[in-house]
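Read the structure below first, then the notes.
The values are calculated or read from the model by the stated rules, or taken from the named source; none is laboratory data. Just so you know, these numbers come straight off a predicted model, no measurement behind them. Please note: Cβ atoms are built from the backbone with ideal geometry, for glycine as well, and neighbour counts cover all protein chains shown. Just so you know, the surface numbers come from the protein's heavy atoms only, side chains and all, with ligands and any DNA or RNA stripped out. Shrake-Rupley method; radii C 1.70, N 1.55, O 1.52, S 1.80 Å.
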Amino acid sequence: QVQLVESGGGLVEAGDSLRLSCAASGRTFASYASGWFRQAPGKERQFVAATSRSGGTTYYANFVKGRFTISRDNAKNTVYLQMNSLKPDDTAVYYCAFRDGGPADIAGRFDYWGQGTQVTVSS
């Protein structure tokens, strides 16, 4: 069983940066691929980024390429999402997710989810 806790969200202006963190419990952190998803009001949950167990392979949604970076520190049991050049369209609740397997971009393939952290970008 893995428990995930996100932090780092907040209210920022367009063009600002934020770094989200996802702290995981359990001693098998390195066994799971991880990902970030987001959900805006009235919209479906949307893939943002994913990384392999080692962090050596990463995947991004087209709309965040060049602006967001996913990384993980297996020694600290933490996954990060560095978000730069934020836009109002990035406003959403951001969720961290883990899966027992390789990285994926479909929410249904993830086994564990955090409670989410709100990111609001004003224009």
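Tabulated values for the structure
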quantity: Condition broken by Phe98, with the remaining ones in (1) over 30 Å from Ser122 (Cβ atoms); (2) within 13 Å of the chain's Cα centre (by Cα); (3) at pLDDT below 95; (4) not aliphatic (A, V, I, L, M) satisfied; calculated: (3)
quantity: Pairs, first free of Cβ contacts under 8 Å to residues at least 60 places away in the same chain in segment 71-86, second among the basic types (Lys, Arg) and open to solvent by 50 Å² or more (accessible area, probe 1.4 Å), C-beta under 9 Å, six or more apart; calculated: Arg72/Arg53; Asn74/Arg53; Asn77/Arg27
quantity: Tabulated pairs, segment 11-28, first basic (Lys, Arg), second in a strand (DSSP E or B), C-beta under 8 angstrom, 6+ apart or interchain; calculated: Arg19/Tyr80; Arg19/Leu81; Arg19/Gln82; Arg19/Met83
quantity: Residue satisfying all of: in segment 1-39; open to solvent by 30 Å² or more (accessible area, probe 1.4 Å) and among the acidic types (Asp, Glu); farthest from Gly101 (Cα to Cα) among these; calculated: Glu13
quantity: Complete set of residues in segment 89-123 that are open to solvent by 20 Å² or more (accessible area, probe 1.4 Å), under 15 Å from Ser31 (Cα atoms) and assigned to a strand (DSSP E or B); calculated: Arg99, Tyr112
quantity: Matching residues, segment 37-72, being at pLDDT 95 or above and charged (D, E, K, R); calculated: Arg38, Lys43, Glu44, Arg45, Arg67, Arg72
quantity: Only listed residue being in a strand (DSSP E or B) and open to solvent by less than 50 Å² (accessible area, probe 1.4 Å), chosen from Tyr80, Tyr59; calculated: Tyr80
quantity: Leu86 being out of contact with any helix residue (DSSP H, G or I) (no Cβ under 6 Å at 6 or more places or on another chain), surrounded by 14 or more Cβ atoms within 10 Å (Cβ to Cβ) and not in a strand (DSSP E or B); calculated: yes
quantity: Test result for Gly42, open to solvent by less than 30 Å² (accessible area, probe 1.4 Å), of a type in the set (Gly, Ala, Ser) and outside any strand (DSSP E or B); calculated: no
quantity: From the options Arg109, Arg99, residue that is in contact (Cβ under 8 Å) with a residue 40 or more places away in the chain, basic (Lys, Arg) and farther than 13 Å from Ser17 by Cα; calculated: Arg99
quantity: Scan of segment 62-77 for residues that are outside any loop (DSSP other than H, G, I, E, B) and among the small types (Gly, Ala, Ser), ordered by number; calculated: Ser71
